[in-house]
Amino acid sequence: MKVEISRRRFLQGSVAMSIAGGVGLSSSSMMASVAAPAKGKLSNEDKKVATLCEMCVNKCAAIAHVRNGVVQKLDPNPLFPKSRNMLCARGNSGIRALYDPDRLKYPLIRDGEKGSGKFKRVSWDEAYAYINEKLTKILDEEKDNRSTVAFCAGEGMAEHTFKNFFTMFGSSHFLNHASLCLATTVSGYSLTIGGYGQSDLDNAKYVIMAGANRAEAIVTPDTMDFFKRTNGRGAKLITVDPRFTNTAAKSDKWLAINVGTDLAFVLALTYVAIKEERYNKAFVENYFNGFEAYKEHILSSGYTPEWAEKLTGIHAADIYEVARDFMAHAPQAIYYQGRRTTWSKNDFQLRRAQAIFSAMGGGVDVKGGICFGRGLPLIDHDVAAPIYANAKSRIEKDEAAVVGGSGSWVAFRNMVLENRSPYPIRALFNYKHNPMQNMPNSAKTEAFLKKLDLVVTIDTMPSDTVMLSDVILPECTYLERTDPVVSYGGIEPSIAQRNKAIDPMFETKNTMDIMLGLSQKVSKSLFEISKKHDEDVQMAIEEDGEEAVYKDFDLTKPFLHSQEELNAHAVEKYEGAAQMLKDKGVFYPNMNEYFKKVGVNDYEYYPENKRAYSVLNNKFKTPSGKIECAIPSLAKRGIDAMPMWKKEYEMEIPAGKFRFITGRHAQFTQSGTNNNKLLLNLVPQNYAWINARVAKKLGIKFGDKLEVSSKAGKTTIKAYPTEKIGPDTLFFVHGFGSYSKALSLAYNNGGNDAAILEDGIEPMHGSTCLHDTIVEIRKV
Amino acid sequence: MNTFSLKKLFFFEKTPLNLLMAVLTVGLLAAFFAGVANYILHGHHAYNVTRQHPWGLLISMYVFFVVSSTGLCIISSIGHVFGIKEFQQIGKRAIAGAIITISSGFAVIAFEIGHPVTMMIYNVLTPGLTSAIWWMGTLYGLYLTFICLEFFFLAVKEHHTLSKIFGICGLLVGLAAHSNLGAVFGFLVSRPSANGVFYPVYFILSAMITGCYLIFLMYGFRYKMNFPDKVQVMLVKLSKILGMLLAVLIFFEIWKILTALYGDMPERAATILHAVQHPNFWLGELTLGMLIPFTVILLSNAQAIKATVYASILGMVGIFFMRYGLVHDTLLYPMTTLKRAEYELAPTFVEYFPSITEFAIGLGGIGLSLFLYYIADKVFNLDETEGAHH
Amino acid sequence: MARYGMALNYKSCINCRACESACKEENGVLLLKDHYRIWVGVKEAEGEFPNISIASQTYHPSQCQHCSNAPCQMVCPTNATYYGTDGMVMVDPVKCILCTYCINACPYDARYVDQRTMTVDKCTFCSDTRLAAGETTTACQATCPTKVRVFGDLDDPKSEISQLLANKEYRQVKEHLGTKPKLFYIV
Ligand SMILES: Nc1nc2c(c(=O)[nH]1)N[C@H]1C(S)=C(S)[C@@H](COP(=O)(O)OP(=O)(O)OC[C@H]3O[C@@H](n4cnc5c(=O)[nH]c(N)nc54)[C@H](O)[C@@H]3O)O[C@H]1N2
Ligand SMILES: Nc1nc2c(c(=O)[nH]1)N[C@H]1C(S)=C(S)[C@@H](COP(=O)(O)OP(=O)(O)OC[C@H]3O[C@@H](n4cnc5c(=O)[nH]c(N)nc54)[C@H](O)[C@@H]3O)O[C@H]1N2
Ligand code: SF4
Ligand code: SF4
Ligand code: SF4
Ligand code: SF4
Ligand code: SF4
Ligand SMILES: [Mo]
């Protein structure tokens, strides 16, 4: 076929320009680039690098086309079973993150009041030296209590590298997104059925998705597997959501639920299944622990659909129907676990109730149910961490029943801010995380960050949190780095690796190099502090000599090898894996034999009989080896042993006000993509969903500016009147309305939900309650 | 041809009306060049046309000018080609007007078409023979050549036979070109409100009306409302023709609207209903463009020439709205009624309002016409040369 | 010679707009207003909360239909719009005079003015960027999470698209205009 005149050549030039100039795609450079010579056919000349997308948590496999050192295009890499040969809108826009003119380019040190936005450019060494000076001073003053320095991280492939530094450093405070995201559902399902598992949406016949918006909040492979099947091709979907989402649009039934009342809904489903004896009796009898008591509790508490109707707003008839249909389709029936489950105070109990109800159908560890799958273990690169005698335990450990290794972010912040901390918290290291936008009540987060003596942030963009930091360490974007190889267990397990497409631009570095440089700088001087304050260290030195003891305390140890070396080592036991991962980005045993193209769009990764649908042999990974209906040990910590409804879960919405909910959008990732030019071209900003009839009464039309306010603060946003939301609920997409002026497109663009969210926490893990805020609106 | 010098060229009697016309001409001309300058600086960004409404005021003005030209050509041919005696005096003035208006039209469209030079090349190298625009453009090019020759043999080198031959050619090619312009709209299968036979025919009809209006304006100005008998007689006859043409046009429009609304055919009915409710239509096109002139002619039994001259001013304003409506109404209905993103309202009737630059170039084109007419009037004797034709 | 068309399992479309962004990156479409070769039409849900008609909210992916009887081609004065290899309707930017007649003539709103070349642009079925380089899919098809799109040769009875069209009901948009579009919406 003849090569048609390609418009693409214009693009090639323009991206190249943007690198040469170090600035973005201005229209003048676009015009100039028209003269750039065409390079002929695309695919044959390009270097193709197998990488993994990092625009969100899913890490879809991608092929980066590189020419003359410029990433031209990202295509899906079909080899990865988890991402099923797709890239979403955000994945396609990754190049815009790489070439974003606003991205962080050089290390910076604050050069003015905190929050003034003034920074000065420094060398890496100067940045490290500054951190070193501050850290030694703090730790000296705090007598080597390493826990006075906290570490927080968002999800990311190099999160572990950063965590290695934290571990070596010896603080007790690691805080990550879990308490803002999925802590309650992961633990709710784990403590009940022995794991969070993977919903087998490729084979399930009946799925209840409550507060999980898979059509917009993309999770792989769930999104792809399921929506191929929902409309007319074999899977029934019941969507339970206060909003009519894109997921609702794909479902067989949409149940508009009152915010925060899901627990009542699940209890009523359970009631119907028990009362009408529709559950999988054999399964329950054999594999449930404490079912009789649960049954008794449900029946005697009167959790009837009629009772639930009053709370949830869902008709009793619908509840009967869903419970019956669910059990009729079981065990190929799933009450979907959900992902961002930090909603309200009853969240943990809700997830437990879901897990029990789901398991009552028998759909656990079976095809079409919740599966646990198989893993492909990697060889760990272990480094022994030193022990610091003076490091104290977590300050927020008693703020909730179980505060795990990822902490309770909100409780931690509030204790520091309100001077409730038993000892001072003075510094924060932050990796790939934006608490200013992702933790409720941004006014408090701002005050918290200002209160600290040292905030070091590793980021790619000048986020709101970056602007409140003292030292900014610019990481290169994912297309400029090789990251730790990762193994993805599941029904079709595989190992995947991100390979660097181009060299880091400007003076950016990957996390491994940043941590190496930092640890080289601080290791010795921090050891001096321990020597001074830590009696154990002093004794050890007396016994073994300083050199030998320092070896244990040498912070550089985890960072001495290149990522490539470490990755090769990690997959050593799989023959040919290291090379395969470099070339193709994906590996699993027998891949060459199993992987097949079966249609223009479809690939087979494992033959049916090799997929890990059932792996447990009915021995669940719970204390009793069975599905746990009750967890008495929790009762001691004030957590109900069995899910139950409580009066305190009922929340009044005063007339004229709204309960505010937040959530995802298919074209954006939390706060991380709000400056992405391509995505903003698709959707310029977020809008507040308000019921159309209510809006009409208030004289609010589409596009009118609203001020939304709560006890926590206020924000302004344009109105989107729609019947897709109820009269007493207000919603807008999370992640917009940045305060950072350095984000030229995101600054003040749309509404900022972190500004108005109140910061309550739930009692189990101290997870944040993102849907417990009452707001008012005013047309401005 | 008159003998002339630059000094003579720019000398005119300083009557209030002449001064007003001078200011108007210079102002519009300046607007035209300012608009062109802005277009050269900013390209199509200077226009308010969009993906959903790709044609705007400039196309309307182009149509306005070429319709005027065809109209003048047709009216002039009544005397000049068909030999009706009273109308022979119109000849030169009308042909000059036809040349001037079509030139202004070409000037305006040159700044609407993105690549006029490319057009000249590929119109010839790879002609799109199924394209109404190709035929329209090519025929208009030919038409301009013919009427220039016609004028040459009429006003410069007086040669009655040749001028008549070229006149006939010009008329025929002009009619063909002009109905093709109608077909540019009539061929649009995507636009049910425009699609069909209506526009090609209607274009000829409305051209003749435009020609009449312009003749009234030119003569009104030429004789400062003091018409010699011969002119008076001609204008009364013209007025009768105009009255009849207007009656037919009104009749035509009514049936167009009725057939469009009848049966509520999707897209078409809604489009026409929306269009006729707009003041552009009922006030501009209908009242100014047709009803007032028609009423004046009807009530005075075609005798009130002065009033008809004034009515012709309104008539031309109406014709402007007619041309604007032609383009805008054709593009009114969105080609897809679905939203393209969640946070927007569903597309309804496509909106468009010309930008300053479009106004400057489009209306500035009138300045171009006035200026050229002034020059032509100075350089040539546009009145009938006594005894030349008998 | 093939005759390429695209079948769309549009009921699987979740309106994620991956196709739109992939097309922009693949084809260097400028990030400006009105610049898009592909889009997803959204029909807003009908009904009053909480009784929304689920069936009423549909997502309708669309792009140039590569009409076999293309009005845009018919009206082009310079043949800048032409039938390219494999039946694709293409625009030659060298010949395009930007009269925008074709934009008016296209019943699908598939065309727009590219502000960089100042010529008309639209979907090419990726023939210049992908098919010419030996690939068999379009960028929008490859990237789609729910695999809405099936691109292929309508003249090859064995192709997946031919099979689909033979075995499933489908409908087309504005067929009555006689454009013979090559997008097929599987119902
Ligand atoms: N109001 C509200 N709050 C929420 C949520 C909500 O829906 N509403 N959702 C919650 C949930 S579920 C989650 S998971 C959290 C997420 O909260 P975060 O973990 O903060 O995630 P992001 O908003 O994506 O911000 C990630 C930061 O990492 C930066 N970044 C991106 N790529 C890289 C990289 O390669 N390297 C480095 N070093 N930095 C990078 C981005 O610039 C951005 O500043 O938010 C929670 N908070
Ligand atoms: N495109 C895109 N995909 C993503 C992300 C992204 O940022 N963008 N982020 C990823 C991450 S980190 C996460 S955690 C997941 C989040 O994935 P999800 O948890 O599925 O998504 P959310 O939109 O945060 O919240 C889900 C829904 O809960 C509804 N909801 C609110 N209150 C209630 C209630 O009381 N009851 C019920 N039943 N529903 C309620 C909201 O209306 C919303 O539609 O998505 C992941 N995938
Ligand atoms: S879901 Fe989208 S953003 Fe997330 S990893 Fe995959 S392609 Fe990237
Ligand atoms: S859809 Fe429009 S642009 Fe595409 S071939 Fe048909 S008429 Fe032409
Ligand atoms: S704008 Fe270009 S492609 Fe379209 S009709 Fe005119 S010349 Fe042809
Ligand atoms: S086929 Fe190619 S050019 Fe056409 S819409 Fe899809 S990606 Fe864009
Ligand atoms: S990529 Fe697929 S699912 Fe997403 S909007 Fe396009 S057609 Fe629909
Ligand atoms: Mo999350």
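The values are calculated or read from the model by the stated rules, or taken from the named source; none is laboratory data. Small disclaimer: the values here were computed from a predicted structure and weren't measured. Backbone-built Cβ (ideal geometry, glycine too); neighbour counts: all protein chains shown.
Out of A:81, A:76, A:101, I need the residue that is within 30 Å of residue A:131 (Cα to Cα) and either modelled with pLDDT of 95 or more or touching an Asp or Glu at 6+ places or on another chain (Cβ under 8 Å) (or both). Which one?
A:101
Going through segment A:555-605 one residue at a time, which ones are free of Cβ contacts under 8 Å to residues at least 24 places away in the same chain, part of a loop (DSSP other than H, G, I, E, B) and either closer than 14 Å to residue A:495 by Cα or acidic (Asp, Glu) (or both)?
A:575, A:576, A:590, A:602
So that you can scan it fast, the table gives a plain yes or no per residue for (1) charged (D, E, K, R); (2) within 27 Å of residue A:140 (Cβ to Cβ):
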| site | (1), (2) |
| --- | --- |
| A:407 | no, yes |
| A:414 | no, no |
| A:420 | yes, yes |
| A:423 | no, yes |
| A:432 | yes, no |
| A:469 | no, yes |
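Quickly run through segment A:466-502 and pick out the residues that are of a type in the set (S, T, N, Q) and more than 17 Å from residue A:120 (Cα to Cα).
A:477, A:482, A:487, A:494, A:497, A:499
Would you be able to say whether some residue in segment C:104-119 is part of a loop (DSSP other than H, G, I, E, B), more than 16 Å from ligand 4 (Cβ to nearest atom) and within 30 Å of residue A:724 (Cα to Cα)?
No.
Among the strands (runs of 3 or more DSSP E) lying completely within segment A:68-177, list those that include at least 3 residues that are buried (at least 22 other Cβ atoms within 10 Å of the Cβ) and either away from ligand 6 (no atom under 16 Å from the Cβ) or not assigned by TED's automatic domain parsing to the domain that holds residue A:768 (or both).
A:70-76, A:149-153
Taking the criterion of being assigned to a helix (DSSP H, G or I) and farther than 27 Å from residue C:107 by Cα, would at least one residue in segment B:192-205 satisfy it?
Yes, because at least one residue in segment B:192-205 is assigned to a helix (DSSP H, G or I) and farther than 27 Å from residue C:107 by Cα.
Taking the criterion of being surrounded by fewer than 24 Cβ atoms within 10 Å (Cβ to Cβ) and assigned to a strand (DSSP E or B), would at least one residue in segment A:207-218 satisfy it?
yes
(1) within 30 Å of residue C:148 (Cα to Cα); (2) in contact (Cβ under 8 Å) with a residue 60 or more places away in the chain; (3) assigned to a loop (DSSP other than H, G, I, E, B): which one isn't true of residue A:662, the others all being true?
Condition not satisfied by residue A:662: (3).
Of everything in segment B:324-344, what is without any contact (Cβ under 8 Å) to a residue 40 or more places away in the chain and within 15 Å of residue B:270 (Cα to Cα)? Give them in sequence order.
B:336, B:337
Is one or more of the residues making up segment A:370-378 away from chain C (no Cβ under 14 Å), in contact with a helix residue (DSSP H, G or I) (Cβ under 8 Å, 6 or more places away or on another chain), surrounded by fewer than 23 Cβ atoms within 10 Å (Cβ to Cβ) and assigned to a loop (DSSP other than H, G, I, E, B)?
Yes, segment A:370-378 contains at least one residue that is away from chain C (no Cβ under 14 Å), in contact with a helix residue (DSSP H, G or I) (Cβ under 8 Å, 6 or more places away or on another chain), surrounded by fewer than 23 Cβ atoms within 10 Å (Cβ to Cβ) and assigned to a loop (DSSP other than H, G, I, E, B).
Can you tell me which of (1) surrounded by 18 or more Cβ atoms within 10 Å (Cβ to Cβ); (2) part of a loop (DSSP other than H, G, I, E, B) is the one residue C:136 doesn't meet?
Only one criterion is unmet by residue C:136, namely (1).
Considering only segment C:9-38, state which residues are within 11 Å of ligand 6 (Cβ to nearest atom), more than 18 Å from residue B:342 (Cα to Cα) and among the aliphatic types (A, V, I, L, M).
Of everything in segment C:9-38, those that are within 11 Å of ligand 6 (Cβ to nearest atom), more than 18 Å from residue B:342 (Cα to Cα) and among the aliphatic types (A, V, I, L, M) turn out to be C:22, C:29.
Tell me, which residue of segment C:1-45 that is within 16 Å of ligand 3 (Cβ to nearest atom) and more than 21 Å from residue A:229 (Cα to Cα) is farthest from the other protein chains (Cβ to nearest Cβ)?
C:23
From the list C:169, C:135, which residue is out of contact with any Asp or Glu (no Cβ under 6 Å at 6 or more places or on another chain), within 10 Å of another protein chain (Cβ to nearest Cβ) and under 30 Å from residue A:88 (Cα atoms)?
None of the others qualify; the one that does is C:135.
Here's the yes/no breakdown for (1) more than 12 Å from every other protein chain (Cβ to nearest Cβ); (2) closer than 18 Å to residue C:104 by Cα:
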| site | (1), (2) |
| --- | --- |
| B:109 | no, yes |
| B:124 | no, no |
| B:134 | no, yes |
| B:146 | yes, no |
| B:160 | yes, no |
| B:169 | yes, no |
| B:184 | no, yes |
| B:194 | no, yes |
| B:201 | yes, no |
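Checking residue C:52 against (1) free of Cβ contacts under 8 Å to residues at least 24 places away in the same chain; (2) in a loop (DSSP other than H, G, I, E, B); (3) within 7 Å of another protein chain (Cβ to nearest Cβ), only one condition comes out false. Which one?
(2)
In this structure, does residue C:9 turn out to be surrounded by fewer than 20 Cβ atoms within 10 Å (Cβ to Cβ), away from ligand 2 (no atom under 16 Å from the Cβ) and not charged (D, E, K, R)?
no
If you go through segment A:750-761 one residue at a time, do you hit one that is surrounded by fewer than 19 Cβ atoms within 10 Å (Cβ to Cβ) and either within 14 Å of chain C (Cβ to nearest Cβ) or not in a loop (DSSP other than H, G, I, E, B) (or both)?
There is no residue in segment A:750-761 that is surrounded by fewer than 19 Cβ atoms within 10 Å (Cβ to Cβ) and either within 14 Å of chain C (Cβ to nearest Cβ) or not in a loop (DSSP other than H, G, I, E, B) (or both).
In segment A:432-452, is there at least one residue being in a loop (DSSP other than H, G, I, E, B), modelled with pLDDT of 95 or more and more than 16 Å from ligand 1 (Cβ to nearest atom)?
Yes, segment A:432-452 contains at least one residue that is in a loop (DSSP other than H, G, I, E, B), modelled with pLDDT of 95 or more and more than 16 Å from ligand 1 (Cβ to nearest atom).
Residue pairs, Cβ under 7 Å, 6 or more apart or interchain, first in segment C:69-96 and more than 16 Å from ligand 8 (Cβ to nearest atom), second of a type in the set (Lys, Arg) and modelled with pLDDT under 95. List them.
C:85/A:2
Select from segment A:449-462 the residues that are farther than 26 Å from residue A:476 by Cβ and buried (at least 23 other Cβ atoms within 10 Å of the Cβ) and list them in ascending order.
Selection gives nothing.
From (1) crowded, with 23+ Cβ neighbours inside 10 Å; (2) more than 7 Å from every other protein chain (Cβ to nearest Cβ); (3) of a type in the set (D, E, K, R), pick out the condition that doesn't hold for residue C:175.
Answer for residue C:175: the failing condition is (1).
Hey, among the residues in segment A:381-400 that are among the aliphatic types (A, V, I, L, M) and crowded, with 17+ Cβ neighbours inside 10 Å, which one's nearest to residue A:420 (Cα to Cα)?
A:395
State whether one or more residues within segment C:91-111 are buried (at least 23 other Cβ atoms within 10 Å of the Cβ), more than 8 Å from every other protein chain (Cβ to nearest Cβ) and closer than 30 Å to residue A:94 by Cα.
yes
I want to confirm something. Restricting to segment A:232-257 and keeping residues that are part of a loop (DSSP other than H, G, I, E, B), touching a Ser or Thr at 6+ places or on another chain (Cβ under 6 Å) and facing another protein chain (nearest Cβ under 8 Å), which single residue is farthest from residue A:316 (Cα to Cα)?
Out of the qualifying residues, it is A:250.
Which of the residues belonging to segment B:154-183 are of a type in the set (Ser, Thr, Tyr) and more than 20 Å from the chain's Cα centre (by Cα)?
Listed by number, the residues that qualify are B:161, B:163.
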